[in-house]
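Beneath this line is the structure, given in structure tokens, with notes to follow.
The values are calculated or read from the model by the stated rules, or taken from the named source; none is laboratory data. Predicted, not measured: the structure shown is a model, and the values here were computed from it. Here Cβ is always computed from backbone atoms with ideal geometry, including for glycine, and neighbour counts include all displayed protein chains.
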């Protein structure tokens, strides 16, 4: 095509780009207006560097700073995606696409050559495509919004001497075998999650340690935080507006049961801490400290008890508990009337820098 025509069409194309759904319709009409216009558009789409997949559309960012929203029902969707895939640097999964365009998007953009992926919380990428991502040989960097789970690590490419923080409930670690999961390059691990406060649960501490060091055999720094309420339940606005129902009797019995022998299989050279946290009730306003005969390993404060000992020279254990009476529990009903908004309304307003 003559150079002058190509330049004019490119200027028109750039004017039509934008974050509004009307922009998407204008670009589609532009591409269908003729061969020359189609080629100009495809050439520009082939420079895309980032795509964010949303529910009703997807956002494209170009090196020039331009950004554009496209709909999944676009009749020229497949050639646009093929062009984008050639230069794509970062693929972000924010929401699962709806409609017939879902498989086309996943099949076209998840392919060898892709190096960077970001998962937003609640992305809902189907399991078969998660497996496809896991097997990409070209993948160099994978990141997740929020906390990592143990299963998320199968997507990661931990570098030597790396530090990782994961969120995994105590029971989930115990219930899985992790036969094919091993990260010898990880030297520092932080793990947190919820646990059910009971004597039965803490009896599994040796199994927990064995499984963790099976997954991460070369740990040098290991920090654990488990709580009977690490995060408030759904619908509860504030952490302290909810009080678990664990009784002081149950918590005290669990605390007493834990001893140094449970950590015998922890490598001696590992540094860090192993910490249980509990919130419980003391509706009878009992002086719980009086119920502990051997107080040598315990620390006391008003409505607070902590058991503490050193597992080895560089590793400590703590079991901290804050108790509430029935009166303090009634101060907040644990309800939340916070307004709920549909985040999809602002998906197309995302930052594009």
Can you confirm whether residue 142 is in contact (Cβ under 8 Å) with a residue 12 or more places away in the chain and either assigned to a strand (DSSP E or B) or out of contact with any helix residue (DSSP H, G or I) (no Cβ under 8 Å at 6 or more places or on another chain) (or both)? yes
Conditions (1) assigned to a loop (DSSP other than H, G, I, E, B); (2) over 18 Å from residue 10 (Cα atoms): number failed by residue 47: (2)
Of the residues that make up the range 321-329, is at least one closer than 30 Å to residue 18 by Cβ and either at pLDDT 90 or above or touching a helix residue (DSSP H, G or I) at 6+ places or on another chain (Cβ under 9 Å) (or both)? no
The residue from 103, 82 that alone is within 25 Å of residue 141 (Cα to Cα) and over 26 Å from the mean Cα position of the chain (by Cα) is 82
Residues that are under 23 Å from residue 272 (Cβ atoms), surrounded by fewer than 17 Cβ atoms within 10 Å (Cβ to Cβ) and at pLDDT below 85, drawn from the range 153-178: 158, 159, 160, 161, 162, 163, 165, 176, 178
State whether the residues of the range 112-124 include one that is without any contact (Cβ under 8 Å) to a residue 24 or more places away in the chain and either surrounded by fewer than 18 Cβ atoms within 10 Å (Cβ to Cβ) or at negative phi (or both). no
Within the range 67-89, can one find any residue that is in contact (Cβ under 8 Å) with a residue 60 or more places away in the chain, under 27 Å from residue 122 (Cβ atoms) and not in a helix (DSSP H, G or I)? yes
Which members of the range 75-92 meet the condition of being surrounded by fewer than 19 Cβ atoms within 10 Å (Cβ to Cβ) and closer than 18 Å to residue 33 by Cα? 75, 76, 78, 79
Pairs returned, first residue in the range 8-32 that is touching a residue at least 60 places away in the same chain (Cβ under 8 Å), second residue that is in a loop (DSSP other than H, G, I, E, B) and surrounded by fewer than 19 Cβ atoms within 10 Å (Cβ to Cβ), beta-carbon separation under 8 angstrom, 6 or more apart or interchain, are 19/352
Please work out if residue 219 is within 23 Å of residue 319 (Cα to Cα), over 18 Å from the mean Cα position of the chain (by Cα) and outside any helix (DSSP H, G or I). yes
Mind listing whichever residues of the range 296-320 are under 27 Å from residue 267 (Cα atoms) and either modelled with pLDDT under 85 or not in a strand (DSSP E or B) (or both)? 296, 297, 313, 314
Could you count how many residues in the range 104-131 are part of a helix (DSSP H, G or I) and either in contact with a helix residue (DSSP H, G or I) (Cβ under 6 Å, 6 or more places away or on another chain) or within 21 Å of residue 49 (Cα to Cα) (or both)? 7
